[in-house]
Amino acid sequence: MKVGLISQLSDQKLVGHLVTKTYFSGMNQRAVFPYILILLLGCISLYGQRFEEPLSARTDNYDIQLFLDTDKKQVKANQTVTFRNPSADTIRTMPFHMYYNAFKNNRSNFNTGYSGIPRDIPQEEKENGIWGWVEVLSVKNEQGEPLESRYIQPDDDNVNDHTVLEVVLEKPIPPFGTKTLEMEWHSQVPKAKARTGYNKDYFFMVQWYPKLGVYEPAGSRFAEVGAWNCHQYHPSTEYFGEFGVYQVEVDVPKEYVTGGSGFVLNETTEGDRKKVTYLAEDVIDFAWTAHPGFLEIKDEWKGVEIKLLVRPEHECNKERFLLSAKHTLDFFEEYIEPYPYPTLTIVSPPFYGLFSGAMEYPTLITSPTLCDLPLGIKTTETLTIHELTHQYFMQMIATNEQEEPWMDEGFTSFFEAKILDQYYPEGVVYFDYFDVQIDATEFRRGRFMATENPKASALSDWGYQTISRSTRDIVYGKAAVGLMTLEGLVGDAMMKDIIRAYFKRWKFKHPCRHDFLDVVQEVTTSQLGDSLAAPINTFLQDFMYSTEVCDYSVHSIDNFEEPEALGFFENTSDVRLPSANYQGIKKSKVVVWRNGEFIVPQEIRVTFEDGEEIIEYWDGKARIYEIFYEGKSNVVCAEMDPFQKIPFDNNHINNSQNLKQEKSGITRYFVSFLTWLENAMITASTLV
Ligand SMILES: [Zn+2]
């Protein structure tokens, strides 16, 4: 258990002046109370059961029947959408995401500049999904009357972008009223595009249906007045969806093995076709897959059915998938609360289905694998843990990934590292040579530190408006490292309190960064008081809004005797000259620097020749901070952040100085290891 840098300062103020006279003498470690695990789900099987009580407000609800033509790679569908107005507003339109239209032409926002179509492409492929699209054939109201619809561009004026369709209602939806639309639509499934589509006989169907936007009442997230949030499909970000219930009937050739969000409600076979009906409750989206080559391997975790859809050649890795999934479920049961859904489906795509990537959808994740991966390389585990962690953030907390992608990827990456480091302590994420192992925490840090431009964007910048590789590294890496630093400041126990409070308040709603900041402020203020909570809040503000970097260093260590007083003092006639037996007072000075703009409180470990160690606390604000000692043995070593609570510091190499070589062995090796590591990370970041 790590004690927080600030949370241990209950009787010791951070210092910002020159001399530290009183030294902190004992850890005021918080008592650790065992958490009572409520094994509510422990012995009750949830397979195929509806929730007795809704978990969410169930605002956008779908009933879809679809037919998949596996020859033409087309879908025909009817869908009923029932929307409950969550506000006191009168609503006159309903916008739908039409994600497949991102692939309709090369002038869409997603495809702009795309010209990678070879001239000699076979006719079959020209027709089957080089251009993917979705088209609504009719929209009707409850009385069966047709309604008008039109493509709109809420984010720009690109009229060739058809990724949002607005349905104009004949009669407005009254405050807190309900509206049901009957839609008929068809689509051309794209060939292996941005996580979705088909290749050969593998169909991975995500962002595949007309999907209603999220209505945000005034006061929620950034909304000043009630409005729909329904962005176009941009290449740089993922999605945002409203909670609801999906009942989806999938009609496929009977030899196809299917998987979907939620659980199987019903399955029937007729001739050479079969119909599988899924029910997914309190989810923000519905994903499904169909492929004749899947093996379905079933397992179970405390009443939750785990289905692994995997190719026979990847079956050898089934334990790696299942064990890492169970570790993740165990972890969150203890850290936050039990996984509430009755099923979890893990899809391991065939080699030619790698376009479906490693990705998260409600109760369904993809995690590619290779059987010849050595045990030391934990890619299968890392991806399974990462995508499953998203169930807590992308799915249950359901932040807006198009606007604030870090609030999903950052928290997910933070926990991915924590889970890997806990369950695979000798775990190797990407490297295992020269006996050097890189843990998940270091990997995340490396991703941010090695990014091409760490100032490319602030976390507060809208995700869909920023397109650069560096931004992705910032969204994943900087956000994760910032949360690790927050944990370093408050300690493991308070971090858990913060996450639990955040989750309790915001699950099945849609928080934004202000909501997270409010929770941090409330928890830290109640546990630490105003003055110690203040630097934590400052840190978080900088972390979210600034592009500045954090770098502290030890500049110098000086051991000296105070020179004798020489010259004129009381008058100008008596000069003091050097005396033969002068014995000066021994003094030492340690100088540390703040090199970056970012301010984080610091611990400095000062080691003396006689073995004494002192931990100094500094508010980190001044550019130069000097610590003086009198009457002690020589200072031999000074280290910033000796307990590695501030991974946000972007240069660890300048964090320590040693005067005595024989005592500096470990530190020297540590520093050279870090140098190697930081170089390795730069290499790694070009590989993933
Ligand atoms: Zn992710």
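In table form, for the structure just shown:
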| read-out | value |
| --- | --- |
| Residue within the range 41-50 that is of a type in the set (A, V, I, L, M), at pLDDT below 50 and in contact with a helix residue (DSSP H, G or I) (Cβ under 9 Å, 6 or more places away or on another chain) present | yes |
| Residues satisfying the stated conditions in the range 400-410, i.e. more than 12 Å from the ligand (Cβ to nearest atom) and either crowded, with 24+ Cβ neighbours inside 10 Å or in a helix (DSSP H, G or I) (or both) | N400, E404 |
| Search result, residues across the range 384-399 that are among the aliphatic types (A, V, I, L, M) and more than 9 Å from the ligand (Cβ to nearest atom) | I385, L388, M396, I397, A398 |
| Residue match in the range 295-305 (condition: open to solvent by less than 10 Å² (accessible area, probe 1.4 Å) and closer than 23 Å to F203 by Cα) | no |
| Strands (runs of 3 or more DSSP E) within the range 194-306 that include 2 or more residues at pLDDT 95 or above | 202-205, 214-216, 227-229, 244-253, 257-260, 263-270, 273-283, 288-291, 295-301 |
| Test: residue in the range 414-429 that is crowded, with 22+ Cβ neighbours inside 10 Å, modelled with pLDDT under 75 and away from the ligand (no atom under 12 Å from the Cβ) | yes |
| Residues located in the range 557-583, provided they are in a loop (DSSP other than H, G, I, E, B) and closer than 30 Å to E603 by Cα | E562 |
| Options Y352, Y392: the member that is aromatic (F, W, Y) and buried (at least 22 other Cβ atoms within 10 Å of the Cβ) | Y392 |
| Answer from Y361, Y341 - the residue that is open to solvent by less than 10 Å² (accessible area, probe 1.4 Å) and away from the ligand (no atom under 16 Å from the Cβ) | Y341 |
| Residue in the range 236-245 that is among the aromatic types (F, W, Y) and open to solvent by less than 10 Å² (accessible area, probe 1.4 Å) present | yes |
| Enumeration of residues in the range 487-511 that are of a type in the set (A, V, I, L, M, F, W, C) and under 15 Å from the mean Cα position of the chain (by Cα) | I499, F503 |
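Residue-wise test of (1) under 10 Å from the mean Cα position of the chain (by Cα); (2) closer than 22 Å to I467 by Cβ; (3) of a type in the set (G, A, S).
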| site | (1), (2), (3) |
| --- | --- |
| T369 | no, no, no |
| I377 | no, no, no |
| T380 | no, no, no |
| H386 | yes, no, no |
| F393 | yes, no, no |
| T399 | no, yes, no |
| D408 | yes, yes, no |
| F411 | yes, no, no |
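The values are calculated or read from the model by the stated rules, or taken from the named source; none is laboratory data. What you see is a predicted model; the values in this text were computed from it and never measured. Don't worry about glycine lacking a Cβ; one is built from the backbone with ideal geometry, like all the others, and counts go over all protein chains shown. The area values use the complete protein model at the heavy-atom level, side chains included, leaving out ligands, DNA and RNA. Shrake-Rupley method; radii C 1.70, N 1.55, O 1.52, S 1.80 Å.
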